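Here the structure is laid out as structure tokens; the discussion comes afterwards.
The values are calculated or read from the model by the stated rules, or taken from the named source; none is laboratory data. Only a predicted model underlies this, so the values are computations on that prediction, with no experimental measurement involved. Please note: Cβ atoms are built from the backbone with ideal geometry, for glycine as well, and neighbour counts cover all protein chains shown. Ligands, DNA and RNA are excluded from the accessible area calculation, which covers all protein heavy atoms including side chains. Shrake-Rupley method; radii C 1.70, N 1.55, O 1.52, S 1.80 Å.
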Amino acid sequence: MNEPVGHTTQLQHWLNRIQSGHADAKNEIIEHTCERLRRLTHQMMLRNPRVRRWAETDDVLQNAMIRLHRSLAAVQPESPQQFYGLAATQIRRELIDLARHYYGAEGQGANHHTDGEGRILPEHGDASVKPDTLDDWTAFHEAVEAMPDEQKQVVDLLWYEGLTQPEAATMMGVSLKTVKRRWQAARLALRSQLSEHRFV
Amino acid sequence: MTDDQMLSDLLLRWEEAWEHGEELSPESLCADRPELRQPLRDRIASLKDMAWMTSKDDSSQQTLDPSIPELLVNRYRIEELIGEGGFGRVYRAFDEELQRKVAVKVAQRPASDNDGLFHEARRVAQLRQPGIVAVHDVGQDGGTTFIVSDLIEGSNLADQMERHRYSASEVVRLLMSIADSLHHAHEQGFVHRDIKPANILLDEQGRPLLTDFGIAATVEELPDKGASTGTLPYMAPEQVAGEVQLIDHRTDIYALGVLMFEMLTGQVPFQARIPTALREQILFRPPPPLRPINASIPESVEKVCLRCLAKHPADRYATASELAHALNQSLSEHHKSRIATFVWSVGILLLLAGLALAGSVYVPALFHQTQTDTTNDSSDGPPVIEGAVYFDGQTSIDTGVTRFAPVTLEVWVRPTEHKLKTCQFIIGSDIVTEYGMGLALCEAIIGAEYVQGMFYSQQVVPLNEWSHIAAVFGETETRLYFNGTLVKTGPPTDINASTTDDTTFVIGNVGKGNPINHFTGYIRDVRISKGERFYSEFVPDPSFALDANDGVNPTVYILDRHHKATFTHD
């Protein structure tokens, strides 16, 4: 399931419609954002069977949708870039909240040992530092949140919102090469943050 | 060019090649800058570590099991893993033939007796009941045995219980609904045998639906007949003992008792670290009383729960419908006793204060307020503060107007609190266990009940501000307006879909005598008028009075800011 081709153009079209007062356009934007949130939540929950049992992703989506709608009701997005920033921030906050809720010191997950260990060992040959506990995921999202704006923006567009690099370049008004550079720098920075989190 | 920029360029070249399936070595990239080899090697390693951020559709790919065909029997397109249970994995899928979303359950292990499974599934497929998830198909593709059922967009009770502590009246309401659905299935000869929170789905409106009817138990049972089925903490003594001849619909009633116990207290009645000890407790130990665990549980409700948990089936409720009835009774008994206690204690206090005379005057007034039965009497009911009627989340006003359609409900409202995961009803008219007809604030948005269900707008109602909200329950649709602007159109109301018309419009909660979903905040004016007052956008009246439009849409009820409820016309 790839992103629909020409999503950015579609988005600009929706934004124009919002600005001319079309209520439906807002819903379409929310749907897109929810679809991203749904995928990312699944990715985060995938390696945590105990959480997958408890947390219906749809519930999180529902919350995110209401929150996002509140934001959109209050703010009329002026540009696709501004909208994406808002949406990605919402997604990230939802994911952090969820991870904290189930993993954090006060989270119920911490007290449920009957379901066995939350951490599943990486498969053989899987050398990546992909977060696999909710604690790791929280650290990851927080590390993104703390990044310099230029890098955060590129992570927002490419990873949280799932845009292509050319789409992100258009959106940010920079060259494709700049997007590639920032994306590379962002991943290197996150890599070092994640290993610090894990091994310290 | 600095070393850093140089490294960055080299890394870009490496990544471009990598994306095209070619791996360039640091040595070849740094042929003329050998000192950059090591730092480049490190960065390449780091980027490889982060490859999970760049792989396409990482999330959706991983949720699919490669052993399951993407298109089952050339018809069901598997989209995404949505759950996992004893039976196996559950996927969201798309039925290409009927062009609709469905849930596909894939058996964890190949069933040894597929004929039996198919036979049972065909039988269950005949079970059509609103509170039960319908089974549409069962089949096999290669080594994969699967069952196709309705896709319920929502969550399940196990998840909700982790997040939300239910009040006694919410538990009773939910269980009544489950017991009703169960009764219909029992009447057709089905016994679920594995009722537990994870098998109770909640749709987007929070209505419970039983899933895995018969199937889960059948599948588990088939490989070795006679083995006990079900999930231990929810299993009845006769299941634990393997007394198959005793297993009938009352086994399900026991499981409902466990569920009720868990929802009310946050724990299952019997807890043991090892299964053998748990079996022993289920078989021989009486269930513990609930009120020492949670003192707020009404005695009448505790009594119902403990009867479900009786060791011998004959000592439980004979039918699920009898249980539903007992649950209903327990709530109204509790309600009555609470009012009586309240009135009694107020009376005592007043007597103690030596105000015996005053007591006889005030007690009836307080009685009315608690019972939220104020009709058109302006002397009692919620207080008037700052020129509006204040609802504290416990009070409501019965308008005395029997619900009807088409009708237009209008209200000036200033909410002071958005409640999470619930709806606050500004005007309601439900009958316990059924949807009513009413106007609600769900989290922050406007929603409406239209007798057959509920729908929501996307309109946020601001806190601490006056807003005009109107609902037109019309002949062909239901329209919701916010400050005179149409914000949502929903299905029309079929008032005959309800089992009874014996209910009235109530201001401040979901329905008369139903102590839930109360509104918190201020209501300045309410108007109920016959017919469809608004078809297009309008400027809301700042206050409600009989007006020129009254010939077409007669006003039936007005509540004004001085808390003077007024009736006009009949």
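Values computed for the structure shown
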{"quantity": "Estimated FRET transfer efficiency when R0 is 41 angstrom, pair B:E19-B:N74 (beta carbons, to 0.05)", "calculated": "0.75"}
{"quantity": "Area of B:R92 that stays accessible when all protein chains are in place (1.4 Å probe, Å², to 10)", "calculated": "30"}
{"quantity": "5 angstrom amide H check on B:V102, placed H, neighbours 5+ away", "calculated": "B:A93, B:F94, B:D95"}
{"quantity": "Pairs beyond 23 Å (Cα-Cα), from B:K105/B:K311; B:K196/B:K419; B:K303/B:K419; A:K152/B:K48", "calculated": "B:K105/B:K311; B:K196/B:K419; B:K303/B:K419"}
{"quantity": "Relative contact order (%) - criterion: Cα under 8 Å, at least six apart; region: region A:130-200", "calculated": "37"}
{"quantity": "Calculated from backbone phi, Karplus (6.51, -1.76, 1.60) coupling profile of region B:485-497 in Hz, x at Gly/Pro", "calculated": "9, 5, 10, 6, 10, x, x, x, 9, 10, 5, 6, 5"}
{"quantity": "Long-range amide H partners of B:V401 with built H, under 5 Å", "calculated": "B:F505"}
{"quantity": "Solvent accessible area, Å² - B:H184, 1.4 Å probe, full protein context", "calculated": "80"}
{"quantity": "Sequence-distant residues sharing a close amide H with B:V510 (under 5 Å, placed H)", "calculated": "B:F425, B:I516"}
{"quantity": "Accessible area (Å², 1.4 Å probe, nearest 10) - A:W159", "calculated": "10"}
{"quantity": "Shielding by other protein chains, B:443-451, mean Cβ within 10 Å", "calculated": "2"}
{"quantity": "Label-point gap, in nm, between B:L98 and B:Q452 - each point 7 angstrom along Cα→Cβ", "calculated": "1.8"}
{"quantity": "Förster radius 45 Å - calculated FRET efficiency between B:N464 and B:T500, Cβ distance, rounded to 0.05", "calculated": "0.75"}
{"quantity": "In region B:256-310, the trypsin sites (Lys or Arg not before Pro) that fall in loop regions by DSSP, at most 14 other Cβ within 10 Å", "calculated": "B:R273"}
{"quantity": "Spin-label model distance (nm) - B:D4 vs A:V174, 7 Å beyond Cα toward Cβ", "calculated": "1.4"}
{"quantity": "Cβ-Cβ FRET estimate between B:S167 and B:R285, R0 fixed at 25 Å, reported to 0.05", "calculated": "0.35"}
{"quantity": "Summed buried accessible area for A+B [probe radius 1.4 Å, Å², rounded to 100]", "calculated": "4200"}
{"quantity": "Using θ = phi - 60° and Karplus 6.51 cos²θ - 1.76 cosθ + 1.60, couplings along region B:6-15 (whole Hz; Gly, Pro as x)", "calculated": "4, 4, 4, 5, 4, 5, 4, 5, 4, 5"}
{"quantity": "Per-selection Rg to Rh, region B:403-544 - Cα, Kirkwood hydrodynamic radius", "calculated": "0.92"}
{"quantity": "Over region B:432-536, relative contact order from alpha-carbon pairs under 8 Å, at least 6 apart, %", "calculated": "20"}
{"quantity": "Translational diffusion of region B:116-215, µm² s⁻¹ [Kirkwood Rh, Cα pairs; Stokes-Einstein; 25 °C; 0.890 mPa s]", "calculated": "171"}
{"quantity": "Peptide-level mean, for B:40-53, of C-beta atoms on other protein chains within 10 Å", "calculated": "5"}
{"quantity": "Long-range Cα-Cα pairs in region B:387-442 (distance over 16 Å), rounded percent", "calculated": "49"}
{"quantity": "Where region B:428-540 is the region considered: accessible area per residue in Å², 1.4 Å probe", "calculated": "33"}
